[in-house]
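Asker: What follows is a single structure, and I will ask about it in a moment.
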Amino acid sequence: MSAVAVFDAVFDRAAAGVPAAFTARHPSGGVLRFDPAVWCRDATAGDATLLARCTGPTLDVGCGPGRLTGALIDAGQPALGIDVSAIAVRLARGRGAVALQRDVFGPVPGAGRWRHLLLADGNIGIGGDPHRLLRRCRRLLAADGHLHAELAPPGTPAWSGTATVQTPGGTGSPLPWACVPLDDLPALAGATALRVRDTWTEAGRWFATLAPG
């Protein structure tokens with residue numbers, strides 16, 4: 001099962017109200033747990049502080065069912081969500097969000113002009129290579145843009161590469177992903193032509209804002 005198929009399956013289950021929590025286990029021993037049912041809610045604790053920083057055109061990378069994209073549009077902010085999962089995009093559009101099925105590493109509308117980018121819900125792990133992902137985000141941002149990312153808590157072991165997914169429907173699917181703790185971010189940002197502008201925590205979640213520099 002491909003990574004896209006994994007996400008299609010868990011979003012389909014979550015949208016139907018079927019338990020869809022899954023884990024990604026890295027050979028180093030690192031484990032990330034995800035619950036797509038949370039992503040399908042209208043809001044999650046901590047979202048408000050993240051959304052408040054998006055004061056212009058925003059690209060939500062890995063938008064899933066469009067929780068954040070939809071909230072921005074409801075607040076009068078121009079926003080676009082992208083996701084590799086066709087089911088996620090369908091769910092996002094169903095809640096009124098503007099969303100496209102796109103890979104962040106492929107062609108993306110507005111490249112180099114976005115005022116804000118979101119990497120929420122662990123999406124800084126997309127692709128299994130945080131350096132590659134942040135360099136790509138840097139190219140998508142306007143010169144005065146900001147990247148708002150959610151990270152693992154300080155002290156969490158970092159890992160990257162290919163994890164193994166365990167879902168309610170089976171085990172063993174490979175998923176290119178990464179875990180980036182907050183305390184690893186300054187070095188990562190410095191290596192990808194970005195700088196950390198701000199960090200904060202809310203509702204047990206950890207966030208940072210980065211800017212070109």
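Asker: Could you please give the count of residues in segment 89-101 that are outside any helix (DSSP H, G or I) and open to solvent by 70 Å² or more (accessible area, probe 1.4 Å)?
Answerer: 3
Asker: Does any residue of segment 9-29 turn out to be of a type in the set (Ser, Thr, Tyr) and either under 22 Å from PRO153 (Cβ atoms) or touching a Lys or Arg at 6+ places or on another chain (Cβ under 6 Å) (or both)?
Answerer: Yes, segment 9-29 contains a residue that is of a type in the set (Ser, Thr, Tyr) and either under 22 Å from PRO153 (Cβ atoms) or touching a Lys or Arg at 6+ places or on another chain (Cβ under 6 Å) (or both).
Asker: Here is a further query. What do you reckon, is THR55 farther than 23 Å from LEU32 by Cβ, β-branched (Val, Ile, Thr) and touching a residue at least 12 places away in the same chain (Cβ under 8 Å)?
Answerer: yes
Asker: Among the residues of segment 180-202, is any in contact with an Asp or Glu (Cβ under 8 Å, 6 or more places away or on another chain), open to solvent by less than 60 Å² (accessible area, probe 1.4 Å) and either in contact (Cβ under 8 Å) with a residue 24 or more places away in the chain or closer than 21 Å to THR156 by Cα (or both)?
Answerer: No, segment 180-202 has no match at all.
Asker: Would you check if LEU147 is among the hydrophobic types (A, V, I, L, M, F, W, C), buried (at least 24 other Cβ atoms within 10 Å of the Cβ) and out of contact with any Cys (no Cβ under 6 Å at 6 or more places or on another chain)?
Answerer: no
Asker: Being more than 28 Å from ARG115 (Cα to Cα) and out of contact with any Leu (no Cβ under 9 Å at 6 or more places or on another chain) is the filter here, so list the residues in segment 160-199 that pass it.
Answerer: Here is the first cut: in segment 160-199, the residues more than 28 Å from ARG115 (Cα to Cα) are 161-175.
Residues satisfying the conditions are GLY161, GLN166, THR167, PRO168, GLY169, GLY170, THR171, GLY172, SER173, PRO174, LEU175.
Asker: Which residues, counting only those in segment 2-36, are among the hydrophobic types (A, V, I, L, M, F, W, C), surrounded by fewer than 18 Cβ atoms within 10 Å (Cβ to Cβ) and more than 17 Å from GLY128 (Cα to Cα)?
Answerer: Within segment 2-36, ALA16, VAL18, ALA21 meet the criteria.
Asker: Further question: In segment 37-88, which residues are among the small types (Gly, Ala, Ser), part of a loop (DSSP other than H, G, I, E, B) and either at pLDDT below 95 or buried (at least 17 other Cβ atoms within 10 Å of the Cβ) (or both)?
Answerer: ALA43, GLY46, GLY62, GLY64, GLY66, SER85
Asker: Right, next: With the condition kept exactly as written, say whether any residue in segment 139-152 is in contact with a strand residue (DSSP E or B) (Cβ under 9 Å, 6 or more places away or on another chain) and either without any contact (Cβ under 8 Å) to a residue 12 or more places away in the chain or in a loop (DSSP other than H, G, I, E, B) (or both).
Answerer: No, there is no match, as no residue in segment 139-152 is in contact with a strand residue (DSSP E or B) (Cβ under 9 Å, 6 or more places away or on another chain) and either without any contact (Cβ under 8 Å) to a residue 12 or more places away in the chain or in a loop (DSSP other than H, G, I, E, B) (or both).
Asker: Can you pull out every residue in segment 102-118 that is part of a loop (DSSP other than H, G, I, E, B), open to solvent by 30 Å² or more (accessible area, probe 1.4 Å) and within 16 Å of ALA142 (Cβ to Cβ)? Spell out the reasoning first.
Answerer: Going through segment 102-118, the residues part of a loop (DSSP other than H, G, I, E, B) turn out to be 102-113.
Subsequent filtering for residues that are open to solvent by 30 Å² or more (accessible area, probe 1.4 Å) retains 102-103, 105, 107, 109, 111-113.
Matches in segment 102-118: PRO109, ALA111, GLY112, ARG113.
Asker: Further question: Determine, yes or no, whether THR156 is of a type outside the set (Asp, Glu) and in contact with a Lys or Arg (Cβ under 6 Å, 6 or more places away or on another chain).
Answerer: Considered against the rule, which asks whether it is of a type outside the set (Asp, Glu) and in contact with a Lys or Arg (Cβ under 6 Å, 6 or more places away or on another chain), THR156 comes out as no.
Asker: What's the number of the only condition in (1) within 20 Å of ALA37 (Cα to Cα); (2) touching a Ser or Thr at 6+ places or on another chain (Cβ under 8 Å); (3) basic (Lys, Arg) that ARG95 fails to meet?
Answerer: Result: ARG95 passes all but (2).
The values are calculated or read from the model by the stated rules, or taken from the named source; none is laboratory data. Only a predicted model underlies this, so the values are computations on that prediction, with no experimental measurement involved. Note that we place each Cβ from the backbone using ideal geometry, even for glycine, and neighbour counts take in every protein chain shown. Heads up: the accessible areas ignore ligands, DNA and RNA and are worked out on the full protein's heavy atoms, side chains in. Shrake-Rupley method; radii C 1.70, N 1.55, O 1.52, S 1.80 Å.
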